[in-house]
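Notes to accompany the following structure.
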Amino acid sequence: MKEKDSSQQLDVESKPFTWEKLCYEVPVKGGKRQLLDEVYGYCRPGTLTALMGASGAGKTTLLDVLADRKSIGVISGDRLIDGKKIGIEFQRGCGYAEQQDIHEGTATVREALRFSAYLRQPPSVPKSDKDAYVEDIIELLEMQDIADAMIGIPEFGLGIGDRKRVTIGVELAARPDLLLFLDEPTSGLDGQTAYNVVRFLKKLAASGQAILCTIHQPNALLFEQFDRLLLLERGGKTVYFGDVGPNAEHIVKYFADRGAKCPDKVNMAEYMLDAIGAGSQKRVGNKPWSQLYKESDLFKQNLAEIEKIKQESGSSSPEGSQQAKKTEYATSFPFQVKTVLHRSLLSTWRQPDYQFTRLFQHAAIALITGLCFLNLSNSVASLQYRIFGIFMATVLPAIILAQIEPFFIMSRSVFIREDSSKMYSGTVFAITQLIQEIPFGIVSVVVYFLLFYYPSGFQGGSDRAGYFFAMLLVTELFAVTLGQALAAISPSIYIASLFNPFMIVIMSLLCGVTIPYPNMPHFFKSWLYWVNPLTYLVSGLVTNEMHNLPVRCSPQEFAVFQPPTGQTCRAWAATFVNAFGGYLQNPDATADCHYCQYTDGDQFYSTFNMKFSQRGRNIGIMIAYVAFNAIVTILASRFIKYANR
């Protein structure tokens with residue numbers, strides 16, 4: 001049975017790409033450094049072009065410049081797609097397979113390709129057509145057997161070769177109508193796998209795609225698969241740009257005509273690097289190879305071909321024909337949020353270790369605390385125990401921060417790669433990261449509340465229990481958003497983790513429990529106490545629990561005194577009790593008067609700078625902190641770029 005030619009399944013409409021006098025300078029200490037020096041070239045639809053050179057010659061730099069992915073430095077020269085200057089839509093219209101195969105590890109191969117197709121293909125394309133195109137890509141790259149396998153991480157998941165095919169497939173699923181860039185797609189692969197990757201690219205080029213990729217010293221069989229070669233020497237100067245041909249015959253002839261004849265049975269891809277001084281052998285000739293190229297007929301032919309492409313493009317493409325596509329992202333903001341959120345929720349569901357660890361920690365802390373303060377009585381000592389139990393809620397932010405920050409930063413590494421392709425915006429990333437934490441956060445709070453509140457014997461009224469749960473939920477959201485805000489402004493997990501001990505210690509010490517407000521040093525009492533979020537958590541929960549809580553001293557907690565002869569306890573101590581509060585257990589006795597210093601919980605916290613009437617204010621301030629953290633996360637994800645290219 002004849003094998004099906006999967007390359008014919010793809011309906012590719014690529015466009016010619018030209019670049020002229022391309023220069024690139026970057027700032028360095030003491031001045032500027034030129035990395036590219038007047039590079040010319042073109043890439044036609046249906047061709048596979050290789051970009052080669054010595055390490056440091058500027059291969060990846062040129063690829064990034066051509067793909068408009070440089071975020072620093074100055075680029076000069078013309079980059080024209082279909083005869084027009086590249087615009088805001090150029091990045092999303094191109095595919096760029098980076099050297100590092102970074103993907104959402106919990107997604108399957110099919111899901112990763114569909115995710116790219118949904119967000120990068122125009123919304124006018126029906127979902128069924130996008131799914132069908134993804135299946136074509138899977139067949140083209142021969143990934144049918146791994147289509148439903150999770151990508152995983154490099155150590156635990158798909159192999160290097162399979163991950164590379166997924167990287168290429170994700171870019172192809174976007175159906176790039178401009179170009180496909182690949183940065184060393186064969187790097188780190190064995191010979192057979194590397195050949196398969198290039199074979200896939202050759203099949204794709206045969207369907208009409210324009211492909212430009214960097215490659216590092218390929219073998220002879222691999223090298224002749226390419227249609228054209230752009231060779232660079234150090235300084236970003238062009239040495240050769242032209243056809244490859246069978247057995248690299250065009251390159252062999254070009255170098256032989258200039259005194260660098262390739263010996264028999266020697267790989268031309270390796271020999272030409274030696275000839276220009278980029279290999280291990282001595283350089284051939286004295287004249288710079290870039291100058292020889294500029295003086296060659298080949299250079300003149302390339303200039304003429306570039307002009308021809310520009311004229312053909314200008315005559316075939318009206319200026320206003322592409323105006324409808326001049327947008328940075330292919331899809332709308334709501335659609336981006338919906339699609340990315342679906343993947344984020346699915347990702348957290350498929351990582352039970354992440355969410356269930358937090359759930360277990362909430363349950364363990366609540367259960368241990370609840371058992372330690374089981375069925376608290378209304379004694380004076382129990383008032384202090386109630387505050388200690390409430391104070392344990394301040395431990396939750398420390399636990400949550402340690403979990404949220406690494407997860408957010410690892411997710412950001414995937415977003416950085418996807419943001420370069422203009423799949424979705426940083427705002428969408430931040431919003432979906434915030435939303436995905438809410439369901440498990442609510443579950444964790446419910447578990448904590450049930451295992452602590454009722455076993456401890458706290459007030460059972462619906463208004464008291466409801467407020468406690470609400471404040472606990474807001475605190476959970478505060479900790480989540482704080483962790484994400486810190487992660488969003490931090491370049492690495494290590495830097496983010498440095499903030500945690502300092503913040504947790506300060507917030508726990510100055511929340512009004514460890515050091516009561518009246519005893520706090522003036523410097524801290526004047527401002528740090530008031531900006532501490534946990535101040536409002538503790539104040540709200542303490543007053544919520546203590547207000548109108550009747551106090552009954554245990555026998556050992558009574559103060560015993562003797563009234564004057566002939567007077568009752570009430571007659572002797574009434575003025576004192578009315579002034580300082582508390583109650584007499586035996587007011588009519590004439591000896592051994594028993595005095596308890598508190599009548600209700602309000603008297604206990606009256607000196608702590610806490611008021612029951614401020615309960616609503618306290619939870620409102622906590623909500624404001626949550627909103628502030630969320631805004632910081634969104635702004636940092638939108639504007640701070642840690643992946644400078």
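For region 47-62, putting each phi into the Karplus relation 6.51 cos²θ - 1.76 cosθ + 1.60 with θ = phi - 60° gives couplings of 10, 10, 10, 9, 10, 10, x, 6, 4, x, 6, x, 4, 5, 4, 5 Hz, in residue order, rounded to whole numbers and with x for Gly and Pro.
Could you sort 238-248, 261-271 so that the peptide with the highest average Cβ count within 10 Å comes first and the rest follow in order? Each step should come with its number before you reach the end.
Details: 238-248: 19.1, 261-271: 15.0.
Order by mean packing, descending: 238-248, 261-271.
With respect to the chain, whose longest principal axis is taken over its alpha-carbon atoms, helix 426-436 is tilted by about 40°. Within region 159-273, DSSP assigns beta bridges of which about 60% are antiparallel (rounded to the nearest 5).
For the chain, the cysteines with no partner cysteine C-beta closer than 4.7 Å are CYS23, CYS43, CYS94, CYS213, CYS262, CYS372, CYS511. By other beta-carbon atoms within 10 Å, ranking SER490, SER554 with the fewest at the front produces SER554, SER490. Under 5 Å between amide hydrogens, built in the peptide plane, is the criterion, and for GLY157 it picks out nothing among residues at least 5 positions away or on other chains. In terms of other Cβ atoms within 10 Å, HIS594, HIS522, HIS216, HIS362 run from fewest to most in the order HIS522, HIS216, HIS594, HIS362. Quick check: from the Cα gyration tensor, does region 105-175 come out rounded (a/c under 1.5), prolate or oblate? Judged from the Cα gyration tensor, region 105-175 comes out prolate (a/c at least 1.5, a/b above b/c). Scanning residues 5 or more positions from ALA330 or on other chains, none has an amide H under 5 Å from its amide H, with H placed 1.01 Å from N in the peptide plane. Each stretch of four or more DSSP H residues adds -39500 (n - 2.57); spread over every residue of the chain, this sum gives -15500 deg cm²/dmol at 222 nm.
I need the Debye-formula profile for the chain: one equal scatterer per C-alpha, no solvent, reported as log10 I(q)/I(0) at q = 0.06, 0.08, 0.11 1/Å, two decimals. Normalising to I(0) and taking log10 leaves -0.49, -0.72, -1.06. Secondary structure note: in the chain, about 65% of the DSSP beta bridges are antiparallel.
Let me know the shape class of region 555-597, please: from the alpha-carbon gyration tensor, a ≥ b ≥ c as square roots of the eigenvalues, rounded when a/c is under 1.5, otherwise prolate if a/b is greater than b/c, or oblate. Cα axes put region 555-597 in the oblate bin. In angstrom, the C-alpha Rg and Dmax of region 173-252 are 13.0, 37. Region 225-244 and region 192-224 have Cα centres separated by 15 Å. Taken one residue at a time, the phi angles of region 471-476 give Karplus couplings (6.51, -1.76, 1.60, θ = phi - 60°) of 5, 5, 5, 5, 5, 4 Hz. Gly and Pro are set to x.
Taking only Cα atoms, what is the 0 to 90° angle, nearest 10, from helix 438-452's long axis to the longest principal axis of the chain? That works out to roughly 30 degrees. Exposure proxy ranking for TYR536, TYR605, based on other Cβ atoms within 10 angstrom of each Cβ and starting from the fewest, stands as TYR605, TYR536. Once you reduce region 420-468 and region 120-153 to the center of their Cα atoms, the two points are 35 Å from each other.
Distance between the 7 Å Cα→Cβ label points at ILE416 and THR607: 5.5 nm.
Each value in this text was obtained by applying a stated rule to the coordinates, not by laboratory testing. From a predicted model like this one, the values you see are computed outputs, not experimental measurements. Here Cβ is always computed from backbone atoms with ideal geometry, including for glycine, and neighbour counts include all displayed protein chains.
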